[in-house]
Amino acid sequence: MDKKATLKYGDTSYEMPIVQGSYEERGVDIRSLRKDTGLITLDSGFMNTGATTSDITFINGEEGILLYRGYPIEQLAEHSTFVETAYLLIYGDLPTETELAAFSRSLTYHSMLHEDMRHFFDGYPWQAHPMAILSSMVCSLSAYYPDSLEPDIHNHEHIARLMSKLRTIAAFSYQKMQGRPVVYPRNELKYCANFLHMMFSHPAEPTYEPDPELVRALNTLLILHADHEQNCSTSTVRLVGSSQASLYAAISAGICALWGPLHGGANQAVIEMLEEIRDEGGDCSTFIRQVKDRQRRLMGFGHRVYKNFDPRATILKTYADRLLKHLAIEDPLFDIAQELEEVALSDPFFIERNLYPNVDFYSGILYRVMGIPTKMFTVMFALGRIPGWIAHWREMMEDPDVRIGRPRQIYTGATKRDYVPVNDRG
Ligand code: CMC
């Protein structure tokens with residue numbers, strides 16, 4: 001683009017190029033700023049900093065638009081499957097029938113865990129958080145596949161292995177939590193159905209067959225979680241990957257980043273919040289007052305990027321309603337969630353700050369209805385996000401301009417002083 005931004009510092013003006021994206025969003029390219037001016041930028045929380053250009057996901061936070069490789073999230077949620085969407089994100093286009101069949105075959109082929117790794121599960125205490133298990137097991141995969149230590153984006157085996165084994169590890173960690181033997185995958189089942197089978201079959205329930213409505217709901221949930229451009233965990237994957245660590249190490253770090261309650265851990269926090277409100281008598285107005293008094297936080301609300309509505313939350317609310325009806329279940333937490341949303345959306349505190357339900361507000365309700373326990377919610381988010389992480393890792397590794405991620409700082413500590421022996425320190 002011809003336009004430039006000018007920075008005036010002292011008596012000198014510096015010109016910086018403008019980079020323009022597909023939807024005319026613009027950024028100032030400051031790559032030579034420090035060299036030219038001696039200045040760095042300071043942007044805590046990266047509120048204004050673009051870490052990269054990317055072809056993967058587009059978000060318009062003002063209008064609530066989310067596109068994966070150009071396809072609207074609403075269309076993918078309605079028509080696609082998680083595996084097809086994963087292929088789209090990772091490889092850039094919707095697969096042909098042959099490509100999809102090959103990708104699915106490869107996921108099936110890699111679904112088993114090395115038996116030695118299965119024994120790792122015996123070493124964790126039964127109350128271990130499954131995110132702790134997931135991140136360490138994923139990192140351990142690099143011990144079993146040492147060729148991953150030389151990262152290669154053309155090694156499709158690692159990609160399929162990671163997507164498939166993450167699902168197996170997630171289900172095994174749930175069975176472990178229940179104190180039950182793990183259940184091996186069944187090759188004839190598709191990705192989501194196979195996951196539900198590994199989660200819910202057990203010796204006393206050997207004939208468990210996943211309900212097609214639950215399989216569809218799970219596909220939709222995972223599609224909605226599959227990518228969200230430069231969020232905290234994806235940025236972590238890129239940062240760790242930029243050091244040329246293995247794909248497994250980078251994804252394991254991403255899983256840890258996702259775990260926090262301000263990121264993927266919010267879905268667990270939402271259900272805990274709704275349970276608290278229910279146990280305190282179900283008074284949403286009092287809760288909202290406490291949020292405004294800063295005594296509590298309305299989990300599942302607000303977003304760094306969405307300032308109008310989160311399209312994922314809209315889809316999930318409809319799905320939660322549909323699944324509850326299908327299973328003929330009444331969930332008081334769904335009623336509390338809807339009332340909370342109504343109270344919050346008509347309150348100036350939330351209106352002025354552009355706070356709306358995000359993806360985590362209703363996803364927990366859906367997981368609960370599917371029989372997935374609260375502690376597993378963030379694991380479900382990780383399962384959905386895996387193709388996005390892989391896609392970003394590949395894009396970063398392929399970028400000829402990529403350098404190791406290494407932010408700078410403005411040092412504000414003590415200036416140089418001499419060492420004082422311990423007896424002289426007063
Ligand atoms: N409840 C009450 N007040 C809020 C909330 C909330 N959930 N979110 C933001 N605010 C207020 C905040 O206190 C601040 O007010 P003031 O300017 O008066 O101090 C204002 O809104 C701006 O908030 P912020 O914290 O500066 O916004 P941020 O962009 O740094 O944080 C967020 C975004 C998602 C971390 C935050 O909205 C939040 O903590 N939400 C609850 C946790 C949550 O649901 N996280 C999931 C995010 S979506 C999925 C994902 O990314 O993993």
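The values are calculated or read from the model by the stated rules, or taken from the named source; none is laboratory data. Predicted, not measured: the structure shown is a model, and the values here were computed from it. Every residue, glycine among them, receives a Cβ derived from its backbone with ideal geometry; neighbour counts consider all protein chains shown. With ligands, DNA and RNA removed, areas are computed over all heavy atoms of the protein, side chains included. Shrake-Rupley method; radii C 1.70, N 1.55, O 1.52, S 1.80 Å.
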With springs connecting C-alpha atoms under 10 Å apart, model the chain as a Gaussian network and identify which of LEU345, LEU247, LEU214 has the largest mean-square fluctuation. LEU345
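By how many nm would the segment from LEU94 to ASP347 grow when fully extended, if each residue of separation counts as 0.36 nm and the alpha-carbon distance is taken off? Walk me through the numbers on the way to the answer.
Details: separation 253, 0.36 × 253 = 91.08 nm, distance 4.22 nm.
Extra length available between LEU94 and ASP347 comes to 86.9 nm.
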Hey, in the GNM for the chain with a 10 angstrom Cα cutoff, which one of ASP293, ASP335, ASP347 fluctuates hardest? ASP293
Could you tell me how far the Cα centroid of segment 108-140 sits from the Cα centroid of segment 69-85, in Å? 30 Å
Counting other Cβ atoms within 10 Å, which GluC sites (Glu not before Pro) in segment 1-73 have at most 15 and lie in a DSSP loop? GLU24, GLU25, GLU62, GLU63
Taking the Cα centre of the chain as the origin, how large is its charge dipole in debye, to the nearest 20, when only Lys and Arg (+1) and Asp and Glu (-1) carry charge on their Cβ atoms? 1200 debye
Calculate the length of the line joining the C-alpha centroid of segment 273-307 to that of segment 43-62, in whole Å. 28 Å
Qualifying lysines (Cα of each under 23 Å from Cα of LYS35; at least 8 residues distant if same chain): LYS3, LYS4, LYS8
Descending accessible area (1.4 Å probe), largest on the left, turns TYR87, TYR109 into TYR109, TYR87
In square angstrom, rounded to the nearest 10, how much accessible surface does ILE336 have for a 1.4 Å probe? 20 Å²
Please give the charge dipole size of segment 4-65, origin at the Cα centre, charges +1 on K and R Cβ atoms and -1 on D and E Cβ atoms. Round to the nearest 20 debye. 340 debye
Under the 7 Å Cα-to-Cβ spin-label approximation, ARG180 and GLU205 lie apart by a distance in nanometres of 0.5 nm
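Please state the relative contact order of segment 266-369 as a whole percent: Cα pairs under 8 Å, 6+ residues apart? Don't skip to the end; give the middle numbers.
Values: 116 pairs, mean separation 47.2, N = 104.
It rounds to 45 percent for segment 266-369.
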Degrees, to the nearest 10: 377-398 long Cα axis against longest axis of the chain: 50 degrees
Expressed as an acute angle from 0 to 90° and rounded to the nearest 10, what is the orientation of the C-alpha long axis of helix 332-345 relative to the principal long axis of the chain? 30 degrees
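Let me have the relative contact order for the chain, percent, based on Cα pairs under 8 Å that are six or more residues apart.
Working: 572 pairs, mean separation 84.2, N = 426.
After rounding, I find 20 percent.
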Given segment 272-426, what count of lysine pairs have C-alpha atoms under 27 Å apart, with each pair 8 or more places apart or on different chains? 6
Where the accessible area of the chain is counted over protein heavy atoms with a 1.4 Å probe, how much of it, in %, is carbon and sulfur? 51 percent
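From the square roots a ≥ b ≥ c of the eigenvalues of the alpha-carbon gyration tensor of segment 270-373, which class results: rounded (a/c under 1.5), prolate (a/b over b/c), or oblate?
oblate
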Relative to the chain, whose Cα atoms define the longest principal axis, helix 156-177 and its Cα axis are tilted in degrees, nearest 10, by 60 degrees
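First check a/c for segment 4-65, with a ≥ b ≥ c the square roots of the eigenvalues of its C-alpha gyration tensor; if it is under 1.5, answer rounded, and if not, answer prolate when a/b is larger than b/c or oblate otherwise.
Details: a/c = 2.48, a/b = 2.02, b/c = 1.23.
Prolate is the answer for segment 4-65, as a/c is 1.5 or above and a/b outweighs b/c.
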Once you treat every alpha carbon in the chain as an equal point and sum by Debye, what is log10 I(q)/I(0) at q = 0.08, 0.10, 0.11 Å⁻¹? -0.50, -0.76, -0.90
In whole angstrom, the spacing between the Cα centers of segment 193-266 and segment 347-368 equals 21 Å
Which residue fluctuates the most in the chain, going by a Gaussian network model with Cα springs under 10 Å, if the choices are VAL379, VAL402, VAL237? VAL402
